[in-house]
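Colleague: Mind looking over this structure? Questions follow.
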Amino acid sequence: MKTNTFSIEILILALLVAPLIYLGLIWNQLPAEITTHYDLAGKANGWMTKEQAALYTVGISLLLYLLLRYLPMIDPKKQLQTANYQKLRLMFTLLISAIMSWVFYMGNHSISSENFVSVLMVIISVTIAGVGNYITTIKPNWFVGIRTPWTLDNEIVWRKTHRLGGRLMVAGGIVGAVLAFLLPLAYKVGITVSILLLVSFMPVVYSYICFRQEKAHRLN
């Protein structure tokens, strides 16, 4: 277990450093200012100097690592030191690393806004599907998972909600990734994000229904 944990830790650190290494390799080819944000229609509406982008990347990487690395230490339930949590850390780190690398790649190549948005939506959708694959067996805690008053109050509700939520996230992530390439640019972000929000919201409603059912069962 310690060997596996160490290996994942090294992989997480490598993923966080990868965008900075890539940025260093293409530094001289980048323009002084690069696009870092797009609106829902795929039009650029945010820019940074490459120096600002580098500092931003360092800050986000460091904050993400420290937050996810030491979150288990302040979890009152002490349920985050699991192999699944480490895999979830890996998934979130991969998401951030992929997005930052893709932004830098865009700054160094002539790529249409539609292709940029498509790849970005695919990265997010695939990550959601990956998280859903691991969230089904995560144990009750205060920081990670589908945390509602009803899941935190009842371990059975937690387990049922995460089983459903994980499956919905996998299905929604796969559908979102496919639609990210098939839909026109005008609808790409809106529909894809709506699907991802829907599969995230449905387990919240289900947790309340499940809680009421469990409460009724105990009373009977």
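Each value in this text was obtained by applying a stated rule to the coordinates, not by laboratory testing. These numbers were taken from a predicted model, which means no experiment stands behind them. Here the Cβ is made from the backbone with ideal geometry for all residues, glycine too, and neighbour counts use every protein chain on show.
Colleague: Compute the relative contact order of region 133-220 as a whole-number percentage, counting only Cα pairs closer than 8 Å that sit 6 or more residues apart in sequence. Walk me through the numbers before you get to the answer.
Modeller: Numbers: 89 pairs, mean separation 29.3, N = 88.
Relative contact order for region 133-220 comes out at 33 percent.
Colleague: What FRET efficiency do you get for V17 and N84 if R0 is 22 Å and r is their Cβ-Cβ distance, rounded to the nearest 0.05? All intermediate terms of the calculation are to be shown ahead of the outcome.
Modeller: Details: r = 24 Å, r/R0 = 1.10.
The pair V17/N84 has a calculated efficiency of 0.35.
Colleague: Give the shape of region 45-141 as rounded, prolate or oblate, defined through the alpha-carbon gyration tensor: a ≥ b ≥ c are the square roots of its eigenvalues, a/c under 1.5 means rounded, and otherwise the shape is prolate if a/b is larger than b/c and oblate if not.
Modeller: Values: a/c = 3.81, a/b = 1.73, b/c = 2.20.
Cα axes put region 45-141 in the oblate bin.
Colleague: Based only on other Cβ atoms within 10 Å, what is the fewest-to-most ordering of I135, I174?
Modeller: Numbers: I135 24, I174 15.
Fewest to most other Cβ atoms nearby, the residues stand as I174, I135.
Colleague: Still on this structure, I have one more. Within the chain, count lysine pairs with alpha carbon atoms under 24 angstrom apart where the residues are 8 or more positions apart or belong to different chains.
Modeller: Value for the chain: 17.
Colleague: Rounded to the nearest 20 Debye, what is the dipole magnitude of region 2-219 about its Cα centre when Lys and Arg each give +1 and Asp and Glu each give -1 at the C-beta? Intermediate results must be reported in sequence, preceding the final value.
Modeller: Values: 18 positive and 9 negative charges, 197 e Å.
Computed charge dipole of region 2-219: roughly 940 debye.
Colleague: Would you compute, from DSSP H runs of 4+ residues alone, the mean residue ellipticity of the chain at 222 nm, taking -39500 (n - 2.57) per run and dividing by the full residue count, rounded to the nearest 500? Let's see the in-between values first.
Modeller: On the way: 7 runs with 163 residues, N = 220.
Calculated at 222 nm, the ellipticity per residue is -26000 deg cm²/dmol.
Colleague: Helix 83-108 versus the longest principal axis of the chain: what is the Cα-based angle in degrees, 0 to 90, to the nearest 10?
Modeller: Value to nearest ten degrees: 20.
Colleague: How high is the relative contact order of the chain, in percent, with contacts defined as C-alpha pairs under 8 Å that are six or more residues apart?
Modeller: For the chain, the relative contact order is 20 percent.
Colleague: For the residues T49, T161, what sequence is obtained by ranking on other C-beta atoms within 10 Å, fewest first?
Modeller: Numbers: T49 13, T161 28.
Placing the least packed residue first, the sequence is T49, T161.
Colleague: If you don't mind, there's one more thing I want to ask. For a quick check: sort I146, I156 by the number of other beta carbons within 10 angstrom, fewest at the front. It would help to have the intermediate numbers written out before the result.
Modeller: Working: I146 22, I156 13.
Starting with the residue having the fewest Cβ neighbours, the order is I156, I146.
Colleague: Describe numerically, in nm with one decimal, the distance between label points set 7 Å from Cα along Cα→Cβ at E9 and at L182.
Modeller: 4.4
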